[in-house]
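No lab work stands behind these numbers, since they all come straight from the coordinates. Fair warning: this is a prediction, and the values are worked out from it, not measured in the lab. FYI the Cβ positions are ideal-geometry reconstructions off the backbone, even for glycines, and counts take in every protein chain you see.
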Amino acid sequence: MPSAVGFPFSAVVGHDDLRLSLLLNAVHPGIGGVLVRGEKGTAKSTVVRALAALLPVVAVVDGCRFSCDPADPDPDCPDGPHATPAATRPARLVELPVGATEDRLIGSLDLERALTEGVRAYQPGLLAAAHRGVLYVDEVNLLHDHLVDLLLDAAAMGRAHVEREGVSVAHAASFLLVGTMNPEEGELRPQLLDRFGLTVEVRASRDIDTRTEVVRRRLRFEADPTGFAAGWAEADAALAARVATARAALPSVALPDRELRRIAAVCAAFDVDGMRADLVLARAATAHAAWRGAAEVAEEDVATAARLALPHRRRRDPFDEPGIEQDQLDQALRDAAEEADREPDPEPPGGGAPEPEDSPDQSPASDNGQAPPERNTSAAEQPAAVDQADPAPGQPTADPGAGAQGPGQSPATPDPAFRARLLQVDGVGEGAPGRRSRSRAGSGRALRSSAAQGSGLHLIGTLTAAAPFQRARGRAGAGLVVKPGDVRRAVREGRESNLVLFVVDASGSMAARKRMSAVTGAVVSLLRDAYQRRDKVGLVTFRGAGATVALPPTSSVEAAVARLRDLRTGGRTPLADGLLRAREVLRVERLRDPRRRALLVVVTDGRATVPARPGGDAVRDAVRAAGVLAADGVAGVVVDCESGPVRLGLAGRVTTALGATPLRLEELSADAVAGVVRAARAA
Ligand SMILES: [Zn+2]
């Protein structure tokens with residue numbers, strides 16, 4: 001429960017990197033924000049919320065809902081042009097709730113009021129409120145994909161944009177983005193990860209004295225928030241003054257060539273994507289020098305900036321947990337020291353066409369969809385990236401189940417891909433635009449106008465409804481007389497994209513029957529199809545002792561194909577585990593993106609041999625797990641891979657329990673079998 005008085009920033013015990021990261025961003029907003037990763041109960045949010053009190057007050061045009069700077073008002077401000085006097089107010093920290101609507105974030109444009117009352121009815125959203133302040137997203141990893149896209153657009157442009165039926169409003173929105181997340185609840189999408197300037201990992205201290213002091217201060221604060229805050233007011237005021245001084249000094253802090261070379265060398269050593277890391281590092285190092293009161297950037301500033309800015313930028317498999325080893329960083333800094341001292345080449349190679357600052361996202365998991373899914377074949381040529389990846393000591397693997405599967409046989413070469421038959425989720429959804437299942441979302445073709453249903457104003461329908469009454473309503477001026485009862489909405493129907501979650505049996509019973517090449521070939525075909533239909537995809541595999549989330553839901557089909565090509569096979573068949581793991585993935589994804597409907601594609605021969613719990617019955621557990629998924633209302637398809645002269649029909653039992661549509665491997669090809677498969681939601 002937030003009290004009226006916040007916990008003072010200065011009273012926070014420990015969390016040195018977190019506090020420093022926030023302060024550096026306060027000094028230099030261009031650093032690009034902070035992502036705070038850590039387990040629950042580490043007071044991440046308390047520290048972030050305390051930051052607002054340290055930020056310099058903001059000069060604003062009095063009464064402007066968009067926080068225009070009186071010295072430089074936004075020429076396109078919806079409340080402008082401004083003639084009102086200047087005022088000052090404290091900098092704001094605005095919280096974006098994970099379940100916020102689009103209107104809440106970017107503001108809403110009330111077209112009905114605009115038409116019927118003739119006013120420009122724009123209600124500013126959280127982006128307007130956060131302009132020139134802090135936008136804080138707790139549990140940012142659970143934020144709806146659609147909101148993430150809007151947030152990233154605004155952060156990149158420094159502007160927010162609302163458009164409805166061709167009427168648009170735009171306003172300035174530049175803010176310090178701070179996100180917190182608990183990695184146990186799912187990783188952040190790589191393209192969002194990259195947008196945060198700095199990252200810090202927080203964990204509760206294991207030191208007894210520190211823990212004692214944390215609790216002591218917390219209890220004192222709760223007993224008397226006002227008195228407690230008063231005791232720290234002087235310390236907070238000193239910090240705030242230091243932020244203001246450093247901010248003022250920032251433009252005059254020098255960044256010598258030697259330190260620029262050091263930055264370039266460290267970034268090169270870490271093989272980061274693009275040039276964004278170098279820029280963030282340069283800004284953070286400069287802010288750190290200003291924070292120290294130094295006139296120029298020194299080695300220690302670069303070292304600190306590297307520690308805060310590099311962990312999440314290392315080029316690697318985008319679905320591994322971000323992280324960095326201190327040893328590696330120290331080594332890179334030592335190597336960079338030599339580089340910094342070296343005389344620079346007289347001519348930079350290539351004549352030095354500078355890379356644009358905000359070069360497009362180059363991460364392999366980007367949504368831009370420029371590359372066909374087959375492009376990334378290099379991963380396939382280095383098999384076993386999953387199993388043989390050598391996690392450094394103390395560094396958890398991407399998935400705890402990964403170790404349970406054992407080494408297994410080499411990946412099977414997928415059979416050639418074919419044109420996949422369309423698998424749909426039955427019914428009409430409201431998910432993001434795509435090309436799979438039917439949807440009635442806000443996009444798509446307007447079928448007709450309706451007074452009773454639909455979304456968005458149907459302009460022609462509304463005007464047509466109002467037209468016959470113009471004389472009766474005594475129309476005199478230039479405008480139409482439109483009443484609320486005239487309003488017609490567009491009834492649209494389009495196609496939505498889905499989450500296609502593959503649950504693939506990689507156990508020995510599949511491999512021994514030489515089905516694996518056919519299976520991976522079929523799944524690659526379905527993945528290619530998913531790419532064209534703009535779906536998100538995920539991959540759960542199971543074999544040996546357990547199931548693994550080989551790929552959490554992503555829009556990167558390339559990554560899914562690469563993971564599949566690396567798929568090792570062999571061992572027993574923990575089908576129940578595979579289904580339960582899939583259920584967990586779907587649960588997290590429903591939180592993150594509630595409107596995206598999921599299609600589960602289970603690929604198995606059904607010959608479960610490992611129960612969910614020791615001593616259980618493997619087949620019965622698998623059937624029970626399928627029943628649990630069915631109770632969740634998951635739409636599914638089971639691809640029965642059983643072959644050979646003796647068939648047990650075990651996949652059929654799972655199919656029935658799941659309420660899924662049964663298919664044989666051969667039936668996945670659009671060229672072999674015509675028609676659409678509709679997978680019904682069981683509940
Ligand atoms: Zn304004």
Inset, instruction - Give me the number: length gained by fully extending E185 to E163, i.e. 0.36 nm times residue separation minus the C-alpha to C-alpha distance, one decimal in nm. - result: 4.6 nm
Legend entry - Relative counts (whole %) of C-alpha pair distances in region 115-274, using bins that are 5 Å wide: 1, 6, 9, 11, 13, 16, 15, 13, 8, 5, 2, 1, 0, 0
Legend entry - Ranking of F542, F196 by count of other Cβ atoms within 10 Å, fewest first: F196, F542
Inset, instruction - Rounded to whole Å and ordered largest first, report the semi-axes of the equivalent ellipsoid of region 1-152 derived from its Cα gyration tensor (root of 5λ). - result: 31, 21, 13
Inset, instruction - Evaluate the distance, in nm, between pseudo-label points positioned 7 Å from the Cα of A121 and of A235 along their respective Cα→Cβ axes. - result: 5.0 nm
Inset, instruction - Can you bin region 566-683 into rounded, prolate or oblate? Criterion: square roots of the alpha carbon gyration tensor eigenvalues sorted a ≥ b ≥ c, rounded for a/c under 1.5, prolate for a/b above b/c, oblate for the rest. - result: oblate
Legend entry - Segment E584-A545, length gained on full extension (0.36 nm per residue, minus Cα span): 12.3 nm
Legend entry - Under-5 Å amide H pairs with L177, H placed in peptide plane, nonlocal only: G33, V34, L135
Inset, instruction - Provide V524, V178, V5 in ascending order of the number of other Cβ atoms located within 10 Å of each residue's Cβ, fewest first. - result: V5, V524, V178
Legend entry - Among 331-337, 531-537, the order from most to least packed when residues are scored by Cβ within 10 Å on average: 531-537, 331-337
Inset, instruction - Can you tell me the order of 305-311, 593-599 when each peptide is scored by its average per-residue count of other Cβ atoms within 10 angstrom, highest first? - result: 305-311, 593-599
Legend entry - Full-stretch length increase - A249, I208 - with 0.36 nm per residue and alpha-carbon distance subtracted: 10.8 nm
Legend entry - Whole-Hz ³J(HN,Hα) from phi, Karplus 6.51 cos²θ - 1.76 cosθ + 1.60, for region 30-46, glycine and proline x: x, 4, x, x, 9, 10, 10, 10, x, 5, 5, x, 10, 6, 3, 5, 4
Inset, instruction - List L193, L250 from most exposed to least, where exposure is judged by having the fewest other Cβ atoms within 10 Å. - result: L250, L193
